[in-house]
Amino acid sequence: MTTLEKRSEERLPLESATLPLLGSRQEDFQPFQYLVQDLSANGVRIAIPSWAQRREKLYRGDAVNLHLPYQLYGQSKNQGIVAWENWDPQMQIQSCGISLHRHFPETYPVYISLETREAVVNLSVVQSVANILCKVLKDAVLLKRGLLIYMEHLVAYLTRVSRFSKKEYADFRGLIIEDIQSGLKDNLRYLEALYQDALNAASEHEIFDRLDIDDIRKKMEPELYVDLFRSVLDSEIIQRYLVALKVLEKKGFNNYNTLVILYVNSL
């Protein structure tokens with residue numbers, strides 16, 4: 001891969017970041033797409049447009065994770081509370097004010113600056129944007145592999161402790177579990193191929209030309225829905241498995257949002 005000219009940072013004005021990012025509601029892990037509308041020292045104003053393929057109505061007091069570092073004076077936040085919300089019937093958009101409060105270490109040198117209102121790619125700690133991209137794709141592959149392993153453990157546990165009859169369990173496994181596992185394997189194959197393409201690309205331009213952001217979003221979104229399992233399986237251990245699966249999924253949202261910023265920055 002070719003390297004970029006020596007620059008410590010690449011900056012993208014907020015109004016140029018027009019592709020939706022992925023957030024999630026903390027209570028039920030439900031993902032939603034959002035656009036960043038405005039920034040302040042205390043938080044973010046986001047929009048959830050009606051045209052988004054992943055949309056959820058948020059309510060005042062909802063705890064949400066925006067799955068991207070929002071940095072102010074060197075401290076990054078990505079989680080907060082919906083302080084207010086309103087619906088614009090003309091634009092068909094729900095706007096929400098998110099009061100950010102949770103600090104966390106950045107996974108990648110990509111963040112949104114609350115000070116300068118820009119998306120920032122910090123190249124002082126990596127060789128190039130291509131290096132960040134390959135790292136993000138590799139982590140996405142490892143996360144999907146981890147999800148498959150957790151699912152295999154969950155299936156093995158269910159076969160031992162399930163109170164279903166043999167027919168009920170066979171139906172549940174055939175209709176639900178095998179569908180989830182099949183989806184995970186398909187998405188893993190897609191991400192593995194994309195990662196190999198990135199490794200073999202001759203230039204950063206070639207890498208970004210191969211990215212289909214909407215396809216990547218679909219491959220990184222959840223294959224498993226907690227409420228579906230909770231409605232038929234009442235076990236503390238099973239709930240722990242489900243929470244572990246959802247925690248891994250949320251890391252995938254951070255990967256996706258980082259890819260979006262890198263992709264828009266390449267245009």
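List the number of the failed condition for Val136; all other conditions in (1) touching a Cys at 6+ places or on another chain (Cβ under 8 Å); (2) in the same structural domain as Asp186 (by the TED database) hold.
Failed condition: (1).
Could you count how many residues in the range 171-221 are under 22 Å from Glu249 (Cα atoms) and modelled with pLDDT under 85?
4
Of all residues in the range 112-131, how many are open to solvent by 20 Å² or more (accessible area, probe 1.4 Å) and not in a loop (DSSP other than H, G, I, E, B)?
So the answer is 3.
Might you let me know whether the range 63-82 holds any residue that is more than 20 Å from the chain's Cα centre (by Cα) and of a type in the set (Ser, Thr, Tyr)?
Scanning the range 63-82 turns up at least one residue that is more than 20 Å from the chain's Cα centre (by Cα) and of a type in the set (Ser, Thr, Tyr).
Would you confirm, using the coordinates I've provided, whether Gly183 is under 21 Å from Leu259 (Cα atoms), of a type in the set (Gly, Ala, Ser) and either assigned to a helix (DSSP H, G or I) or touching a Phe, Trp or Tyr at 6+ places or on another chain (Cβ under 7 Å) (or both)?
no
Residue-by-condition table, conditions (1) open to solvent by 20 Å² or more (accessible area, probe 1.4 Å); (2) among the acidic types (Asp, Glu); (3) closer than 20 Å to Ser76 by Cβ:
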{"residue": "Cys134", "(1), (2), (3)": "no, no, no"}
{"residue": "Asp139", "(1), (2), (3)": "yes, yes, yes"}
{"residue": "Leu142", "(1), (2), (3)": "yes, no, no"}
{"residue": "Glu152", "(1), (2), (3)": "yes, yes, no"}
{"residue": "Arg160", "(1), (2), (3)": "yes, no, no"}
{"residue": "Lys166", "(1), (2), (3)": "yes, no, no"}
{"residue": "Arg173", "(1), (2), (3)": "yes, no, no"}
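Counting only residues that are farther than 18 Å from Val264 by Cα, open to solvent by 30 Å² or more (accessible area, probe 1.4 Å) and free of Cβ contacts under 8 Å to residues at least 24 places away in the same chain, give me the strands (runs of 3 or more DSSP E) lying completely in the range 1-110 with at least 2 of them.
75-88
Would you be able to say whether some residue in the range 139-155 is touching a Leu at 6+ places or on another chain (Cβ under 8 Å), within 30 Å of Gln37 (Cβ to Cβ) and assigned to a helix (DSSP H, G or I)?
yes
The values are calculated or read from the model by the stated rules, or taken from the named source; none is laboratory data. As the structure is a prediction and not an experimental result, all values here were calculated from the model. Note that we place each Cβ from the backbone using ideal geometry, even for glycine, and neighbour counts take in every protein chain shown. These area figures cover heavy atoms from the full protein model, side chains too; ligands, DNA and RNA do not enter into them. Shrake-Rupley method; radii C 1.70, N 1.55, O 1.52, S 1.80 Å.
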